[in-house]
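> Take this structure first; my questions come after.
No lab work stands behind these numbers, since they all come straight from the coordinates. Every value quoted in this text rests on a predicted model; they were computed, and no experiment measured them. We place every Cβ from the backbone using ideal geometry, glycine too, and count neighbours over all the protein chains shown.
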Amino acid sequence: MSTSSRKEKFRKWYGEVVDKLGYRFSRDEELVEFLLEQEVQIEKKYGSPYCPCQAIIGDRARDMKIVCPCIPFHREQFDKMKRCWCGLFVRKDVPEHEESSLQQIP
Ligand code: SF4
């Protein structure tokens, strides 16, 4: 499957999953395209679309918690940040004018 087809698959599947979790894709389309592209490359290399922003450590149980979308495993933190760690997904209740000011909270 081509990279662009795989990206579109991720886009459709992720959209359905995160919608049920109260999230949506970022409005920053350039960021979304970049991160989906990274995930396709990571999947080709490691077999799963691990998070482009979190390190794979080689511990399967822990690494499965950073397969995208990892929201269920980091729910409390992401709900506070109103976005996921990479910013690929944003909480649905975030108004457009606030989205670009959301930050990572370690
Ligand atoms: S932080 Fe965001 S982009 Fe990274 S795996 Fe989690 S949901 Fe996906």
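> Under 5 Å between amide hydrogens, which residues at least 5 positions from Tyr23 or on another chain qualify, with H placed 1.01 Å from N in the peptide plane?
The list, which skips near neighbours in sequence, is Lys92.
> Say R0 is 22 Å: what FRET efficiency, to the nearest 0.05, do Glu96 and Lys9 get from their beta-carbon distance?
Taking R0 as 22 Å, the efficiency between Glu96 and Lys9 is 0.25.
> Report, in debye and to the nearest 20, how large the dipole of segment 3-91 comes out about its Cα centre when Lys and Arg carry +1 and Asp and Glu carry -1 on their Cβ.
Taking the Cα centre of segment 3-91 as origin, the dipole is about 240 debye.
> Relative to the longest principal Cα axis of the chain, at what angle does helix 29-46 sit, 0 to 90 degrees, rounded to 10?
30 degrees
> Now for a different question. Of Met64, Cys86, Pro49, whose Cα points farthest to the positive end of the dipole of segment 48-98 (charges on the beta-carbon: +1 Lys, Arg; -1 Asp, Glu; origin at the Cα centre)?
Met64
> If you fit an axis through the alpha-carbon atoms of helix 3-20 and take the longest principal axis of the Cα set of the chain, what angle between them do you get, 0 to 90°, nearest 10?
50 degrees
> Taking other Cβ within 10 Å of each residue's Cβ, how do Glu98, Glu39 sort, fewest first?
Going from least to most buried by this count: Glu98, Glu39.
> Same structure, new question: Hey, could you get me the Stokes-Einstein D for the chain, Kirkwood radius over alpha-carbon pairs, 4 °C and 1.567 mPa s, rounded to whole µm² s⁻¹?
D, rounded to a whole number, is 92 µm²/s.
> Here is a follow-up. For segment 3-91, what's the relative contact order in percent, using C-alpha pairs closer than 8 Å and at least 6 residues apart?
It comes to 32 percent, rounded to a whole number.
> So, in nm, how far is label Lys45 from label Arg24 when the simple model puts each one 7 Å beyond its Cα toward the Cβ?
The answer from the label model is 3.2 nm.
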